[in-house]
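Peer 1: My questions all concern the structure below.
Only the coordinates and a few stated rules stand behind these numbers; no lab work does. All values reported here derive from a predicted model rather than from experimental measurement. Cβ coordinates were reconstructed from backbone atoms using ideal geometry, including for glycine residues, and neighbour counts include every protein chain displayed.
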Amino acid sequence: MLAFTILNCWLQRRLRITNPLMTTHPSLSAPMMNINLITPVEKMARNHPCWCGIGLKYKKCHLNRENQKPINHFEVEAKMLATMRKGYCSHPDQINDPCGSSIIKAHTVQKKGGMAAIAETGHVLTMKPRMKDITKTDGNPEPYRIGVNDASVFPGFCGDHDTRLFKPIEGKFLTFEKDTAFLFGYRAVAYEHFQRLAQIKSIEAQRLMDRGHPFSKQVVVQKIMSAFAVGAERGATEVKAWKAQFDARLLSGHRDDFRFVAVRFDEVLPFVAASAFHAEFAVDGKPLQRLGRQGNDDLEFATINVTTFGGQTIVVIGWIGSDTGPARDFADSFLAVRDHLKADSLFRILVIHTENLFLRESWWNGLDPALKAEFKTLVWAGTSKLERSRDQYKINTRLFSAAPIETVVAY
Ligand SMILES: [Zn+2]
Ligand SMILES: [Zn+2]
């Protein structure tokens, strides 16, 4: 049961309940989101819609569930992974620009660029937890090895579109311009879009975890799952809107309301990442916006990509929309971090906000055990296991000596 709960709070990043904090964004003072919980009924008429709310008749769902063969964590994980394996091409215009080849494992961090720069013998470490490790370690899994062919990939593009779309950011060198920054953002949003849809599909598999358990336990499982479903649906709606915004600008070439900041460091940092997230706090701790509140469809997200060009790590933070909102505040707060701490700040931002983060193995292995423990805890930020808080960005120990050599701001 522990692993089940932990897995769900891991997946549940956008269903949080926190104290109201008064500042400018309306979400900071809005009431919390209502969740209509299910009403469990121990015995129902066979043809009645089942109490768990998935839409099947009782006889096809929870009738006799306590006597069904129990499903184990590994089967559930296998089913979840299977739902994520089937892909689609994210390119938005299949009529004028149809796919020219089959779906591939598309990298969100360039394999020959950023990934190669941190790989050792063809491997990197990933912080994305596997269910068996969560179970084994009581929710504190170690980062584990993954081959560079599988690191950061998702079946979200055909080979043809992947190659053509991202050619401008696949070379050996990179100039920070709106067009290149936009492509990084597009890739991150396409990835998040895929992940959120896969998450919804995975709920179905997880709902079977109450097989062979008594009614009381079925109730616990189904209540967690239905609350999770609310959050997942909301997340999917949001990410569809983000993707639609990026799609429209990809096709039109319009970049006026696409904004970004970018920093180039003077050396290769031992990590890469690609993600899109809601910044709830600025790096200095100022509250920016809160998730899980009622009626807030104007939450701002930002994309973040960290990779390497010409032996130098770059970071691009981008967003579409306002020049005065939470995304801008977040980007500015990162730029305001003093140069000698910027790389450390960047690493914390990634640990807090994305599981699509990859590390150089020897670097991780050489870290102080206390620091490892701290980062392993921080990866749960934004779940019901560890709420996000204003002090999580604070740097306690300096790890990197890299310094920024170029900063670009395009608002
Ligand atoms: Zn049911
Ligand atoms: Zn395609």
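Peer 1: Gap in Å between the Cα centre of region 139-184 and the Cα centre of region 97-117?
Peer 2: Cα centroid to Cα centroid, the span is 6 Å.
Peer 1: Divide by every residue of the chain the summed helix terms, -39500 (n - 2.57) for each DSSP H run of at least 4, and state the resulting mean residue ellipticity at 222 nm, rounded to the nearest 500 deg cm²/dmol.
Peer 2: Values: 10 runs with 141 residues, N = 411.
My calculation for the chain gives -11000 deg cm²/dmol from helical runs alone.
Peer 1: I would also like to ask the following. Shape verdict for region 51-180, please, from the Cα gyration tensor: rounded (a/c under 1.5), prolate (a/b greater than b/c) or oblate. Walk me through the numbers on the way to the answer.
Peer 2: Values: a/c = 3.32, a/b = 1.55, b/c = 2.15.
Oblate shape, in that a/c is at least 1.5 and b/c is the bigger or equal ratio.
Peer 1: A follow-up question, please. What is the fewest-to-most order of Y191, Y411, Y144, Y58 by other Cβ atoms lying within 10 Å of their Cβ? Walk me through the numbers on the way to the answer.
Peer 2: Numbers: Y191 27, Y411 11, Y144 14, Y58 19.
Least crowded to most crowded, the residues run Y411, Y144, Y58, Y191.
Peer 1: Run the numbers on region 270-388 and let me know its relative contact order in percent, using alpha-carbon pairs under 8 Å that are six or more apart. Mind showing how you got there, number by number?
Peer 2: Details: 145 pairs, mean separation 34.0, N = 119.
Normalised by residue count, the contact order of region 270-388 is 29 percent.
Peer 1: Can you give me the span-like helices of the chain, meaning DSSP H runs with 30 Å or more of Cα extent along the axis and Kyte-Doolittle mean at or above 0.0?
Peer 2: Details: long enough: 178-206 (41 Å, -0.25); 215-252 (54 Å, 0.15).
Result, helices passing both filters: 215-252.
Peer 1: Just tell me which lysines come within less than 25 Å, Cα to Cα, of K178; anything on the same chain fewer than 8 places away is out.
Peer 2: Straight-distance partners of K178: K111, K112, K167, K240, K243, K342.
Peer 1: Between K79 and T175, with labels modelled 7 Å along Cα→Cβ, what's the label distance in nm to one decimal, could you check?
Peer 2: With each label placed 7 Å out from Cα toward Cβ, I get 5.3 nm.
Peer 1: If I stretch the segment between W363 and L56 completely, what's the gain in nm (0.36 nm per residue apart, minus their alpha carbon distance), one decimal? Spell out each step's value before the answer.
Peer 2: Details: separation 307, 0.36 × 307 = 110.52 nm, distance 5.01 nm.
In short, 105.5 nm is gained.
Peer 1: Which of H254, H25, H107 comes first, and how do the rest follow, when ranked by fewest Cβ neighbours within 10 Å? Display every interim value, and only then the final one.
Peer 2: Numbers: H254 12, H25 21, H107 26.
Ranking H254, H25, H107 by Cβ neighbours within 10 Å, fewest first, gives H254, H25, H107.
Peer 1: Please rank D210, D332, fewest neighbouring Cβ atoms within 10 Å first, as an exposure proxy.
Peer 2: On the way: D210 25, D332 15.
Neighbour counts put them in this order, fewest first: D332, D210.
Peer 1: Given a Förster radius of 22 Å and the C-beta distance between E267 and K112 as r, what FRET efficiency does 1/(1 + (r/R0)^6) yield to the nearest 0.05?
Peer 2: According to the calculation, E is roughly 0.70.
Peer 1: To one decimal place, what orientation-averaged projected area in nm² is obtained for the convex hull of the Cα set of the chain? Intermediate values should be presented prior to the final figure.
Peer 2: Values: hull surface 81.8 nm².
Answer in nm², one decimal: 20.5.
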